[in-house]
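Since the structure comes first, as structure tokens, the remarks are kept for the end.
The values are calculated or read from the model by the stated rules, or taken from the named source; none is laboratory data. Since the model is a prediction, treat every value here as computed from it, not as a measurement. FYI the Cβ positions are ideal-geometry reconstructions off the backbone, even for glycines, and counts take in every protein chain you see.
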Amino acid sequence: MPKSIDHCTTAAAAADYRLLADDEPAPVLEIGRQRRSNFLVVVDHASRRIPRRLGDLGLPASELQRHIAWDIGALAVARHVAAELDAPLVAQNYSRLVIDCNRDPKVASSIPTVGESIEIPGNIALDEHQVAARRREIFDPYHDHLRALLDERRAAGRPTFLVSQHSMTHIFRGVRREMHAAVLYNRDRRFAGLVLDMLRREPDLHVADNEPYFVSDATDYTIPRHAEERGLPHVEIEIRQDLLHEDAGQLQWAGRIARALRDAEHAFLGAAA
Ligand SMILES: [Zn+2]
């Protein structure tokens, strides 16, 4: 039997079900709201933290370290990129195994019951109160925070280039991924295409164009809802996680991405002028 599976025992307990205790971290991590550049960096899968109430979701510790729980190295890279660009950073503080903050809550995999190929016992047969609490306490505060920040910037007449930082596993279902990184987008390639051009200036770097997956309304939330709906220039960046295990790799990638973003911004604004 997996340990620590959360169950609502009575109807009364179910109605006041709360996920996070008062002493647990807030769901949103924000750094540098006052920073001045046009960029906003977001990290949907920044953390592998699980609310105490959910225990280990019935998973072995080894699985909770893996990419199914979080985007390894993505927050570290994003922090450096945001500092380098003088941009605010907003990140989700809980694992995507609790609720995936880059997925519409209406989609079945919002609270995944399977991660790659392993079943997630603590996410199976949840009742409506448990599902509602994950959305109310983890998903909604994060996206409400982003919405408010973007509203504030718009009201102040400040442009925003939205950068969504992720990392991907280097071996997926037994197949090794050859690309080092990828630039992803959905309906609007304008800014992402420029970032791709800038990253491809390094001849030895293999940067994929909208592969191994792409942004869509079914598989994503942050870019469609916060960038596309507002018409903001944006890009989603994936880096292979095995390149980000050490500080040196994180710094190298952050420097590379910050340069590409800055040059792409200049090209974008130049083209628009
Ligand atoms: Zn991710």
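Okay, residues lined up against (1) part of a helix (DSSP H, G or I); (2) surrounded by fewer than 18 Cβ atoms within 10 Å (Cβ to Cβ); (3) modelled with pLDDT under 95:
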| site | (1), (2), (3) |
| --- | --- |
| Ser62 | yes, yes, yes |
| Asp71 | no, no, no |
| His80 | yes, no, no |
| Ala83 | yes, yes, no |
| Ala87 | no, no, no |
| Val90 | no, no, no |
| Ser95 | no, no, no |
| Asp104 | no, yes, no |
(message) When you check Met198 against the structure, is it surrounded by fewer than 23 Cβ atoms within 10 Å (Cβ to Cβ), within 16 Å of the ligand (Cβ to nearest atom) and not β-branched (Val, Ile, Thr), yes or no?
(response) no
(request) Give me the pairs, please: first residue somewhere in segment 225-247 and over 20 Å from Pro105 (Cβ atoms), second residue anywhere and in a helix (DSSP H, G or I) and acidic (Asp, Glu), beta-carbon distance under 9 Å, and either six or more positions apart or on two chains. (result) Pro233/Glu265; His234/Glu228
(request) Inspect segment 212-219 for any residue being touching a residue at least 24 places away in the same chain (Cβ under 8 Å), within 15 Å of the ligand (Cβ to nearest atom) and in contact with a helix residue (DSSP H, G or I) (Cβ under 7 Å, 6 or more places away or on another chain) and give the result as yes or no. (result) yes
(request) Would you be able to say whether some residue in segment 8-25 is at pLDDT below 95, under 18 Å from Arg103 (Cα atoms) and surrounded by 13 or more Cβ atoms within 10 Å (Cβ to Cβ)? (result) no
(request) Could you please tell me which pairs satisfy a Cβ distance under 9 Å, a separation of 6+ or placement on different chains, a first residue in segment 28-46 that is within 14 Å of Leu232 (Cα to Cα), and a second residue that is among the acidic types (Asp, Glu) and outside any loop (DSSP other than H, G, I, E, B)? (result) Asn38/Glu265; Phe39/Glu265
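Which residues, taken from segment 47-60, are touching a residue at least 24 places away in the same chain (Cβ under 8 Å), on the phi < 0 side of the Ramachandran plot, assigned to a loop (DSSP other than H, G, I, E, B) and not acidic (Asp, Glu)?
So the first thing to find is which residues in segment 47-60 are touching a residue at least 24 places away in the same chain (Cβ under 8 Å), and the list is 47-59.
From what's left, on the phi < 0 side of the Ramachandran plot: 47-54, 56, 59.
Right, trim to assigned to a loop (DSSP other than H, G, I, E, B) and you get 47-51, 56, 59.
Residues satisfying the conditions are Ser47, Arg48, Arg49, Ile50, Pro51, Leu59.
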